[in-house]
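The values are calculated or read from the model by the stated rules, or taken from the named source; none is laboratory data. Just so we're clear, the structure is a prediction, and the values are computed from it rather than from any experiment. So basically every Cβ, Gly included, is an ideal-geometry build from the backbone, and we count neighbours across all protein chains shown.
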């Protein structure tokens, strides 16, 4: 079961770029919470707590907006500052216990295929349907000792109990291939050409004698 991270928020009454800049200067994060057909709620989140919460993948948040009942929510879109990594804005999707949501999780590869081959990952993220309290942090496929030419489809990726694949099961997730031969170094090619030229010159001199 996923850990629920509690965050206290306040409602926003000011909007626009100027208001957003003022919010960020106070180390706060502007956010919008929506879902289940209700009107979006514009809120402000504490900057440090939000940054820590969003370090994990698909964290389940319990957002308490002032005196209202806490609501479970998942981050749907996160905007970050390119240079500092500071969270600039968050879109939150409200969820309910027991319902299934479509979410994207990372696909990881473990193990080593047969010697002389490599595993190429065709899909880095997989869409699944899961209860908000049972969202896997990632999915894992094992490529240990798999031969060249072998492939693993999304339908063959092991899923935790209660999690369903929402993507095409026939899509290839990982392929085992023989790596292409590395091109010969330009210097080596030049040396070979120079050597061949010297041999040709020597052959011409021998013929002349």
Item to check | Within the range 125-144, considering residues that are assigned to a loop (DSSP other than H, G, I, E, B) and modelled with pLDDT of 95 or more, the one surrounded by the most Cβ atoms within 10 Å (Cβ to Cβ) | outcome: 143
Checklist outcome for this item: Listed by first then second residue, the pairs whose first member lies in the range 16-29 and is closer than 16 Å to residue 79 by Cα, whose partner is assigned to a helix (DSSP H, G or I), with beta carbons under 6 Å and at least 6 positions apart or on separate chains, are 27/47; 28/47; 29/47; 29/50
Checklist outcome for this item: Checking 64, 99 in turn, the sole residue that is without any contact (Cβ under 8 Å) to a residue 60 or more places away in the chain, over 28 Å from residue 172 (Cβ atoms) and part of a loop (DSSP other than H, G, I, E, B) turns out to be 99
Checklist entry - When the residues of the range 107-119 are filtered to those that are surrounded by 15 or more Cβ atoms within 10 Å (Cβ to Cβ) and assigned to a strand (DSSP E or B), which remaining residue is nearest to the chain's Cα centre (by Cα)? => result 107
Checklist outcome for this item: Of the conditions (1) at pLDDT 90 or above; (2) in a loop (DSSP other than H, G, I, E, B), the single one that residue 45 does not satisfy is (2)
Checklist entry - So is residue 91 in the same structural domain as residue 9 (by TED's automatic domain parsing) and loosely packed, with under 13 Cβ neighbours inside 10 Å or not? => result no
